[in-house]
Amino acid sequence: MIIFQNNVFHASTKNTSYIIRVRDGQYIEQLYYGKKIRHTSDYEALYEKNGTGYGNSIVTPTDSRLTLDNICLEYSFSGTGDYRHIPLTLQMPDSCFSNQFVYDSYRIYQGTYEENDKTNMPFAKKSQDKEQEDVETLDIVLKDTVYPVYLHLIYTFFYECDVIVRLVKIENHCEDSIRIEKVMSMMLDLPEQEYYLHTFDGLWIRERHKNRKKLVSGIYVNDSTTGSSSNRHNPFIMLTKANCTQDTGDCFGFNLIYSGNHYEAVEVSEYGKIRIMSGLNPHQFAWTLDGNDVFYTPQAVLTYSDKGQNGLSHNMHVFVNQHIIPSNWQGKERPIVINNWEATYFDFTGDKLLEIAEEAKSLGIEMFVLDDGWFSNRNDDTSSLGDWTVNEKKIGGTLDGFVKKINNLGIKFGLWFEPEMICEISELYRQHPDWAVKVPGREAYLGRNQLVLDLTRQEVCEYIVDAVTSILKSAPVEYVKWDMNRHITDAYSAGLLKRQGEFYHRYILGLYQIMKEITEEFPDVLFESCSSGGNRFDLGMLFYMPQIWTSDNTDANQRIDIQEGTSFGYPLSAMAAHVSAVPNHQTLRNISIETRFHVACFGVLGYEIDITKLTEMEKIAVAQQISFYKQYRRLFQFGTFSRLKSEQNLVVWQVTSGDQKEAVILVYQRLAVSNPPGDIIKAVNLLPDEIYTVKSRKQYIIKGKEEVAGMSEEEEYQVFGDMLMHAGIKLVQQFSGTELLEQTRLMGDFGTRVYEIKKK
Ligand code: GLA
């Protein structure tokens with residue numbers, strides 16, 4: 001609900017309030033963002049009060065005591081005496097960088113932003129779920145005091161999940177063009193400075209590890225310049241107060257619905273305030289906005305919870321599941337796949353693939369995914385990207401014929417593509433060398449022996465749409481893995497002439513157009529985004545493709561950190577997670593097949609292993625895993641996820657059903673401790689007055705020195721929800737260097753237990 005009274009806008013969601021005012025008829029002052037407070041007719045207590053002014057600070061032309069440098073604002077402009085980080089660098093028609101945008105008017109309406117479709121970018125949309133329908137938009141218009149240039153601050157409030165989406169629109173009504181060098185989607189000033197900043201950082205096979213830093217004076221930047229949202233710094237960040245734990249305390253979260261170069265900055269000002277902004281990265285960005293044209297920024301996402309980091313993650317998870325992913329995939333269970341990449345890499349024949357598919361089917365797997373190497377002459381990664389013609393010799397016939405053989409086994413079929421790329425050794429490159437991104441006269445930098453296609457050009461986008469579409473029409477493909485395996489360098493397009501500063505953003509606009517056309521034409525195909533694993537794990541991709549290959553790292557001990565880091569901003573339904581072979585291909589580590597499964601089942605489960613080579617015991621274990629996953633699939637993909645413990649040696653997670661009648665807990669121990677202390681598991685989010693049965697999942701373990709596989713100990717309890725949540729269960733003793741009895745809990749290194757919790 002948004003109320004406008006006495007120049008104050010008070011917007012509230014279910015648990016939060018966002019209060020701003022029009023100050024002196026000109027400036028938009030941020031008064032409060034946080035836990036919900038009541039509406040009143042008098043907000044004076046929240047106004048910034050100016051008394052004597054501040055020493056050598058600059059004051060506004062109309063008020064000799066008002067210095068914009070020490071006011072919480074909603075957006076700020078250069079040349080106004082606000083010397084903090086400014087969200088806008090705009091060269092006006094007179095070539096001057098100063099601009100004064102002051103309040104002009106506002107509109108409030110039901111529903112999401114009316115111009116969402118015109119932005120040519122992904123956006124937060126209405127949910128299919130009626131309960132999530134309460135959505136309202138506020139559009140505040142600011143006008144420059146000299147030129148007919150307007151700046152809209154647009155806010156959409158998603159009531160049920162406590163999320164606010166913001167964007168900025170610039171309208172140039174001048175005859176002349178203006179030049180945008182920086183435009184953030186949102187800026188938020190908060191009146192206190194005591195915060196910790198959490199970022200999610202990494203590299204290939206080491207994505208989204210959480211880093212926390214205490215903020216002191218200065219500016220902190222979290223960004224990407226690789227052309228994609230990147231595995232280096234995810235666009236999702238959090239700010240927490242010192243009191244914030246997983247389940248209690250103040251926590252703010254920010255994200256961007258965008259897949260390219262992003263920028264988030266947090267500044268602690270010398271007046272003890274904090275300024276947060278996020279948007280397109282100004283790195284090599286310059287956009288010429290012609291007369292009578294408009295520019296939309298991507299949408300920024302803001303959320304707050306007083307229920308700690310889990311509370312914040314729940315807001316984000318509901319938001320992504322309800323308002324970001326394609327409507328027809330909302331709440332829809334995803335199939336268990338077998339992917340041949342780590343099983344065969346490029347070295348396969350049609351018969352080998354059918355063998356894998358047949359075995360997979362017998363164990364309960366639902367879809368076979370054919371990864372890289374099925375087209376043109378692609379037998380290693382040195383050639384052929386761009387030539388999307390089926391290698392019929394390799395797969396033993398037409399694609400349609402091959403898919404029919406797979407389907408006849410009673411299993412669905414999915415296919416890998418990397419449509420945004422081109423290899424120099426390819427027919428496409430021979431015909432269109434200029435379609436590759438490189439600077440004329442300079443030698444191009446290569447990544448994985450490939451170049452990026454120039455998606456700023458319409459004819460290139462059309463080629464990609466045609467190539468992918470014709471393959472998808474030629475056979476009953478029910479899933480597509482959309483890969484993108486290199487960063488952008490040599491940013492240049494022959495089509496952009498003197499506007500090369502628009503390259504990075506136009507690349508992403510081209511990508512969005514391609515994905516829109518293809519996903520709309522094949523609404524029933526499940527698209528999974530991938531970029532060397534999780535190099536493009538962002539809300540922009542999730543808008544078109546409801547799940548993402550979380551990381552090329554399938555080692556359970558690394559995955560536990562990667563999936564946990566990802567879970568702060570993204571739901572389990574977005575995270576594809578596969579069981580692979582040991583020694584693991586990324587770390588050469590040996591981890592039991594049960595632990596590999598227990599980590600992978602917290603997400604969209606798959607297998608990426610030559611399943612025909614498993615031992616009989618492993619096959620039985622896998623069949624049982626799959627039937628367990630099917631039983632709890634809805635929980636693992638759409639349940640409420642909570643991080644119960646995130647210690648160096650112990651990670652504990654829980655997923656709970658919406659009605660709180662069912663839950664599953666994972667206990668992960670990194671290394672065995674000699675003569676270890678006792679373990680207690682405490683659940684969250686259950687019904688205190690109900691009785692639950694808590695049961696350990698039976699799993700295969702290697703028992704004792706002889707390496708003989710046996711079954712794990714069995715534990716079962718009947719407990720009230722309040723006991724389970726507040727007192728917990730003392731688990732049976734772990735192996736402590738003496739006897740190994742039937743009921744000894746043998747966890748070992750990288751050991752796991754899973755507990756099923758069901759209301760009686
Ligand atoms: C990337 C992906 C992998 C696999 C290979 C194929 O690395 O992340 O999952 O598809 O490409 O070349």
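The values are calculated or read from the model by the stated rules, or taken from the named source; none is laboratory data. All of these numbers come straight from a predicted model, not from anything done at the bench. Every residue, glycine as well, gets a Cβ built from its backbone with ideal geometry; the counts of neighbours run over all protein chains shown.
Of all residues in the stretch 372-413, those that are among the acidic types (Asp, Glu) and in a loop (DSSP other than H, G, I, E, B) total 4. Of all the listed residues (648, 631, 625), the sole one being free of Cβ contacts under 8 Å to residues at least 60 places away in the same chain, outside the structural domain of residue 664 (by TED's automatic domain parsing) and surrounded by fewer than 19 Cβ atoms within 10 Å (Cβ to Cβ) is 631.
Selection of first residues in the stretch 265-285 that are touching a residue at least 24 places away in the same chain (Cβ under 8 Å) and of second residues that are of a type in the set (Lys, Arg) and not in a loop (DSSP other than H, G, I, E, B), restricted to Cβ pairs under 6 Å at least 6 apart or on distinct chains, gives the following pairs, ordered by first then second residue: 267/275; 282/182. The listed residues are 207, 181, 194, and the only one of them that is in contact with a Pro (Cβ under 8 Å, 6 or more places away or on another chain) and either in contact (Cβ under 8 Å) with a residue 40 or more places away in the chain or assigned by TED's automatic domain parsing to the domain that holds residue 230 (or both) turns out to be 181. Checking each residue in the stretch 433-455 for being in contact with a helix residue (DSSP H, G or I) (Cβ under 8 Å, 6 or more places away or on another chain) and closer than 21 Å to residue 390 by Cβ picks out only 453. Surrounded by 24 or more Cβ atoms within 10 Å (Cβ to Cβ), in contact (Cβ under 8 Å) with a residue 24 or more places away in the chain and within 14 Å of the ligand (Cβ to nearest atom), is that true of residue 567? In short, no. In the set (1) surrounded by fewer than 24 Cβ atoms within 10 Å (Cβ to Cβ); (2) touching an Asp or Glu at 6+ places or on another chain (Cβ under 7 Å); (3) not β-branched (Val, Ile, Thr), residue 315 fails one condition alone, (1).
When residue 521 is tested against (1) in contact (Cβ under 8 Å) with a residue 60 or more places away in the chain; (2) of a type in the set (Asp, Glu); (3) more than 16 Å from the ligand (Cβ to nearest atom), exactly one condition is not met: (1). Considered as a group, the residues in the stretch 469-504 that are of a type in the set (Val, Ile, Thr) and not in a helix (DSSP H, G or I) include one that is farthest from residue 452 (Cα to Cα), and that residue is 477.
Exactly one residue out of 288, 303 is in contact with a helix residue (DSSP H, G or I) (Cβ under 8 Å, 6 or more places away or on another chain), more than 30 Å from residue 194 (Cα to Cα), of a type in the set (Val, Ile, Thr) and away from the ligand (no atom under 16 Å from the Cβ): that is 288. Is one or more of the residues making up the stretch 70-86 over 19 Å from residue 297 (Cα atoms), part of a strand (DSSP E or B) and acidic (Asp, Glu)? Looking through the stretch 70-86, none of the residues is over 19 Å from residue 297 (Cα atoms), part of a strand (DSSP E or B) and acidic (Asp, Glu).
The criterion of being crowded, with 21+ Cβ neighbours inside 10 Å and within 14 Å of the ligand (Cβ to nearest atom) holds for residue 343. Only one entry in 157, 77 is buried (at least 18 other Cβ atoms within 10 Å of the Cβ) and closer than 25 Å to residue 290 by Cα, namely 77. Suppose the filter is more than 16 Å from the ligand (Cβ to nearest atom) and either assigned to a loop (DSSP other than H, G, I, E, B) or modelled with pLDDT of 95 or more (or both); does residue 369 pass it? It is false that residue 369 is more than 16 Å from the ligand (Cβ to nearest atom) and either assigned to a loop (DSSP other than H, G, I, E, B) or modelled with pLDDT of 95 or more (or both).
Listed here are the residues, each with its yes/no results for (1) in a strand (DSSP E or B); (2) at pLDDT below 95; (3) in the same structural domain as residue 670 (by TED's automatic domain parsing).
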residue: 719; (1), (2), (3): yes, no, yes
residue: 723; (1), (2), (3): no, no, yes
residue: 737; (1), (2), (3): no, yes, yes
residue: 740; (1), (2), (3): no, yes, yes
residue: 753; (1), (2), (3): yes, no, yes
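Within the stretch 329-348, residues that are assigned to a loop (DSSP other than H, G, I, E, B) have Cβ atoms under 8 Å from residues that are aromatic (Phe, Trp, Tyr) and within 16 Å of the ligand (Cβ to nearest atom) in these pairs: 335/479; 336/607; 340/348; 340/368, counting only partners at least 6 apart in sequence or on another chain.
Among the residues of the stretch 466-477, are any within 16 Å of the ligand (Cβ to nearest atom) and in contact with a Leu (Cβ under 6 Å, 6 or more places away or on another chain)? Scanning the stretch 466-477, I find at least one residue that is within 16 Å of the ligand (Cβ to nearest atom) and in contact with a Leu (Cβ under 6 Å, 6 or more places away or on another chain), so the answer is yes. Within the stretch 360-414, the set of residues being out of contact with any strand residue (DSSP E or B) (no Cβ under 7 Å at 6 or more places or on another chain) and of a type in the set (A, V, I, L, M, F, W, C) comprises 363, 395, 402, 409.
Residue count for the stretch 27-55 under the criterion of being polar (S, T, N, Q) and surrounded by 18 or more Cβ atoms within 10 Å (Cβ to Cβ): the result is 1.
Determine whether residue 241 is touching a Gly at 6+ places or on another chain (Cβ under 9 Å), within 21 Å of residue 273 (Cβ to Cβ) and of a type in the set (Lys, Arg).
Yes; evaluated as a whole, the condition is true for this residue.
Restricted to the stretch 395-416, and to residues that are surrounded by fewer than 18 Cβ atoms within 10 Å (Cβ to Cβ) and under 15 Å from residue 348 (Cα atoms), which residue is nearest to the ligand (Cβ to nearest atom)? The qualifying residue nearest to the ligand (Cβ to nearest atom) is 396. Taken over the stretch 43-53, the criterion of being free of Cβ contacts under 8 Å to residues at least 24 places away in the same chain and assigned to a loop (DSSP other than H, G, I, E, B) is satisfied by 49, 50, 51, 52, 53.
For the stretch 378-394, taking the residues that are among the polar types (S, T, N, Q) and without any contact (Cβ under 8 Å) to a residue 40 or more places away in the chain, the one that is farthest from the ligand (Cβ to nearest atom) is identified as 389. Among the residues here, residue 442 qualifies as more than 32 Å from the chain's Cα centre (by Cα), part of a loop (DSSP other than H, G, I, E, B) and away from the ligand (no atom under 16 Å from the Cβ). Scanning the stretch 725-760 for residues that are of a type in the set (D, E, K, R), over 17 Å from residue 668 (Cβ atoms) and touching a residue at least 40 places away in the same chain (Cβ under 8 Å) gives 730, 758, 759, 760.
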